[in-house]
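K.L.:
Before anything else, here's the structure in question.
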Amino acid sequence: MFKKILIANRGEIALRVIRACKEMGIKTVAVHSTADAHSLHVRFADQSVCIGPPQSAESYLNVPSIISAAEITDSEAIHPGYGFLAENPNFAEVCNSAGIRFIGPSPESMKLMGDKAKARETAQKTGVPILPGSEGIVTEEGVGIELARELGFPVIIKAVAGGGGKGMRVVFNETEFAQAFVMAQSEALAAFGNADVYIEKYITQPRHIEIQIIADEKGGAVSLGERECSIQRRHQKLIEEAKSVIVDEALRKRMGEMACALAKNVRYRNAGTIEFLMDENRNFYFMEMNTRVQVEHPVTEMVTGIDIVKEQIRVAAGMPLSFTQDQITIRGHSIECRINAECPEKFTPSPGTITAFNPPGGPGVRVDTAAYTQYVIPPYYDSMIAKLIVHADTRDDAIRRMQRALDEFIVEGVKTTIPMHKKILAEPDFQQGNISTKFMERYNNPT
Ligand code: MV4
């Protein structure tokens, strides 16, 4: 096992990794920007290194600084968390050539899944259902129109380098196609430096359901079940749950087997997530694979009892997973609300000083946060200040538990999304599990 790990991240996920390390008897090194000198991840790590000024590009994305910090502290491995360098194959490669273990998949797996058209092709070859669409990229507008006619409108044009909604265009009829096609290409080029796009049949009211897997170096892959992530806005998830109300034991098994087959087929190792779109008839289709630990991993931890971050560290050290598929049972129901420091109506960031901070507690409540009273939220990073996670026997109990925990959660000095979460949890449609990626449109927020 590693003696010392450097955490190339900040905020709650850096703390999450430090906690796992402490319980495993592993020393930790925090890196931080000058804006984060007083952060809890710096305080709780055994050592810390300042890696640059506030801007992410010069600190948390600064590969030479982070590698130097690992070298001067004798760190054997780097945990990238999520965001920043977590899905950057170049960073993983640099770690490898510096003799530092990257806690995540190989650069090759990351590259393959980072190209959404290639990922789609790989899923198809594995026998995972994909949406009807183009074979690889489409470069000619005429070819695109022809294909769209065959598929039937609406269709969606997606950037191969995309994910998270950028460079994506939904087309409802033939007359819109040409313009949407060039727009998607130029948006993709501007955002990712790659104009390549592909085309799929568009599902109008899908659910976003994803399968958490984890794989070891020996080729073992285990599914930890699904997460329902349909409650989102502008491609930012707001609420996640495990299980999904529409996934029964048989479907869970089938989706899990598909996800594991895909992981094995690309010799995937470490934690990963296969995202699916699901239609009203419970048909599921591969969307993309995330090659990192995700923000919403706690809901899976709550229903499985598995510590995903510890398992990531174990498998990165070459150890086998500490469990087999038949030892996984999904117990009860878990919900996570992402608490962001932002204006609840307009979703604009609300940086500043948190003047009072009282996180909830009690049975079945977990709060993953790096915030505290008098903490100053820097304007340079994302606006999430806490994840409020509950677990209970049933979904109804979990909703009530979340409602009482939200009532206890005091955050003063900045605006937060707590009132929005209270509103969503009170909705009859949410309570009945009647949700889709279109759920938030009912609030008619400005875009
Ligand atoms: C889709 C889709 C409907 N049909 N693809 C959004 C993010 C990007 N990774 C893919 N996305 C979508 N792809 C087909 N063929 C709808 C979305 C989509 C979406 C998906 C999951 C969660 C929220 C979403 C919000 C808008 C669009």
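K.L.:
Looking only at segment 358-368, how many residues end up being part of a strand (DSSP E or B) and surrounded by fewer than 19 Cβ atoms within 10 Å (Cβ to Cβ)?
P.N.:
2
K.L.:
Can you tell me which residues in segment 157-184 are crowded, with 21+ Cβ neighbours inside 10 Å and under 25 Å from the mean Cα position of the chain (by Cα)?
P.N.:
The answer is Ile157, Lys158, Ala159, Val160, Gly162, Gly163, Gly167, Arg169, Ala184.
K.L.:
Please go through (1) modelled with pLDDT of 95 or more; (2) under 27 Å from Arg267 (Cα atoms); (3) within 9 Å of the ligand (Cβ to nearest atom) for Gly164 and return the number of the only condition it doesn't satisfy.
P.N.:
(1)
K.L.:
Pairs needed: first member in segment 337-350, buried (at least 22 other Cβ atoms within 10 Å of the Cβ); second member anywhere, in a strand (DSSP E or B) and of a type in the set (Val, Ile, Thr); C-beta distance under 6 Å; at least 6 residues apart or different chains.
P.N.:
Cβ pairs passing all conditions: Cys337/Ile239; Ile339/Ile385; Ala341/Ile377; Ala341/Ile385.
K.L.:
Just the residues that are on the phi < 0 side of the Ramachandran plot, part of a loop (DSSP other than H, G, I, E, B) and not hydrophobic (A, V, I, L, M, F, W, C), please, taken from segment 411-435.
P.N.:
Quick first cut of segment 411-435, residues on the phi < 0 side of the Ramachandran plot only: 411-412, 414-432, 434-435.
So of that shortlist, the ones also part of a loop (DSSP other than H, G, I, E, B) come out as 414-417, 427, 432, 434-435.
If the condition is that a residue be on the phi < 0 side of the Ramachandran plot, part of a loop (DSSP other than H, G, I, E, B) and not hydrophobic (A, V, I, L, M, F, W, C), then Lys415, Thr416, Thr417, Glu427, Gln432, Asn434 are the ones that fit.
K.L.:
Go through (1) under 23 Å from the mean Cα position of the chain (by Cα); (2) surrounded by 19 or more Cβ atoms within 10 Å (Cβ to Cβ); (3) outside any helix (DSSP H, G or I); (4) without any contact (Cβ under 8 Å) to a residue 40 or more places away in the chain one by one and return the number of the condition Ala195 breaks.
P.N.:
(1)
K.L.:
Next question, about the same structure. Looking at segment 143-157, I want the residues that are in contact (Cβ under 8 Å) with a residue 12 or more places away in the chain and have a partner that is polar (S, T, N, Q) and more than 15 Å from the ligand (Cβ to nearest atom) with Cβ atoms under 9 Å, at least 6 apart or on another chain. Which pairs are those?
P.N.:
Note: pairs meeting the criteria are Phe153/Asn173; Pro154/Asn173; Ile157/Gln185.
K.L.:
Restricting to segment 87-141, what's the tally of residues that are touching a Phe, Trp or Tyr at 6+ places or on another chain (Cβ under 7 Å), polar (S, T, N, Q), in contact (Cβ under 8 Å) with a residue 60 or more places away in the chain and assigned to a helix (DSSP H, G or I)?
P.N.:
Total satisfying the criteria: 1.
K.L.:
What residue, of Ala386, Ala371, is out of contact with any His (no Cβ under 8 Å at 6 or more places or on another chain), buried (at least 18 other Cβ atoms within 10 Å of the Cβ), modelled with pLDDT of 95 or more and not in a loop (DSSP other than H, G, I, E, B)?
P.N.:
Going through Ala386, Ala371 in turn, just one is out of contact with any His (no Cβ under 8 Å at 6 or more places or on another chain), buried (at least 18 other Cβ atoms within 10 Å of the Cβ), modelled with pLDDT of 95 or more and not in a loop (DSSP other than H, G, I, E, B): Ala386.
K.L.:
Moving on. Yes or no: segment 193-213 includes at least one residue that is away from the ligand (no atom under 16 Å from the Cβ), in contact with a strand residue (DSSP E or B) (Cβ under 9 Å, 6 or more places away or on another chain) and under 30 Å from Cys337 (Cα atoms).
P.N.:
Looking for residues that are away from the ligand (no atom under 16 Å from the Cβ), in contact with a strand residue (DSSP E or B) (Cβ under 9 Å, 6 or more places away or on another chain) and under 30 Å from Cys337 (Cα atoms), one finds at least one in segment 193-213, hence yes.
K.L.:
Another one. Being more than 9 Å from the ligand (Cβ to nearest atom) and assigned to a loop (DSSP other than H, G, I, E, B) is the filter; apply it to segment 229-250 and report the residue that is farthest from the chain's Cα centre (by Cα).
P.N.:
Asp248
K.L.:
Quick one: which residue in Glu76, Glu58, Glu12 is within 24 Å of Met319 (Cα to Cα) and charged (D, E, K, R)?
P.N.:
That would be Glu76, the only listed residue that is within 24 Å of Met319 (Cα to Cα) and charged (D, E, K, R).
K.L.:
In segment 278-294, what residues are more than 10 Å from the ligand (Cβ to nearest atom), assigned to a loop (DSSP other than H, G, I, E, B) and touching a residue at least 12 places away in the same chain (Cβ under 8 Å)?
P.N.:
Glu280, Arg282, Asn283, Thr291, Arg292, Val293, Gln294, listed by residue number.
The values are calculated or read from the model by the stated rules, or taken from the named source; none is laboratory data. What you see is a predicted model, and the numbers here were worked out from it, not measured in a lab. All Cβ positions, even for glycine, are placed from backbone atoms using ideal geometry, and neighbour counts span all protein chains on display.
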